[in-house]
Each structure stands twice: as structure tokens, then as C-alpha cells.
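None of the figures in this text is laboratory data; all of them are computed from the coordinates on show. Owing to the predicted nature of the structure, the values given are computational and were not obtained by experimental measurement. As a convention, Cβ positions derive from the backbone with ideal geometry for all residues, glycine included, and neighbour counts pool all protein chains shown.
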Amino acid sequence: MLGHGDPIRVKTGERVLFHIVNGSATEIRSLALPGHSLEVIALDGNPIPAPKQAPVLWLGTAERISAVVEMNHPGVWVMGDLADDDRTAGIMKDVAMLGGYQEVEVDFVADNPGLTLFHCHQQLHMDFGFMALFDYA
């Protein structure tokens, strides 16, 4: 957190791996490291087949992103929130971020027998019943 602890010090050209989680039950967050691109290598703990460069990471509630950054611009940088919403889905994930009144189609692979909770990660939505318990064999 800015102002809490020493900064992470790296040398020009070093690569840094970030594992980022949005721990909020109510907020969508965006992160960027000015002057750098983030190479997204995994979403929700699942490696993606073709890593992609992104200037901004958008994380829905409970979403996780693993990204590598090549530190190729000397200086002091703060990783922080930006307002840029470029994203593209077609990969294995367990969190889908939607705007108001949007829809999504998903392929569900039932390969983990037992109870599975299908729900919205936003607390208010869960409070109003947007969740279901699946039991499959």
C-alpha cells in the first residue's frame, strides 16, 4: 500500500510476477503500472493458452490475475487504479465480470463431483438470493 513499507526495488529489464486478487465483495477494480504493459499469464488460477499484453487489468469481485511485468522504464512507479475497460473473455475462468443488464453464455464443465456454489461475488446480490447450490455426480 502506498505509504506503508518500502517500495519494491528492481533493476531495468528485470521481470516481476504479480498475483493479484480483488478481495472486495462489492467493487470492480482496475490496476495499471504507468509506462509498462502487464503480460497476463493466468486468470482465476488457470494458465491462458496465449499470454496477452494489457495496459490495464480489470478485476471483478473475487477475480484473480497473474501477470508478468518487464521493468523497462527506469523511475519510481505506483501500481494503481485507472479508468480503461478493454477486455476480451474465450478462456477457462471461474469468475465472469458483467455490467448492469448484460448477459453471458458459458460452457460449464462438471468435472468436480459434489456440491458447488454458483453465485454472484457481490455481497448485496448474494443477500438477495443470487446463488444456487449444484450437486452433481
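Gain on full extension, evaluated as 0.36 nm per residue between ALA110 and ASP127 minus their Cα-Cα distance, stands at 3.5 nm. Put in order of Cβ neighbour count within 10 Å, fewest first, the listed residues HIS19, HIS36 become HIS19, HIS36. Label sites at GLN53 and TYR101, each approximated as a point 7 angstrom past Cα along Cα to Cβ, lie 3.7 nm apart. Taking the average, over residues, of other Cβ atoms within 10 Å as the packing measure, peptides 98-107, 8-17 rank 8-17, 98-107 from highest down.
Using 0.36 nm per residue and subtracting the Cα-Cα separation, the extra length available between GLU39 and ARG15 on full extension is 7.6 nm.
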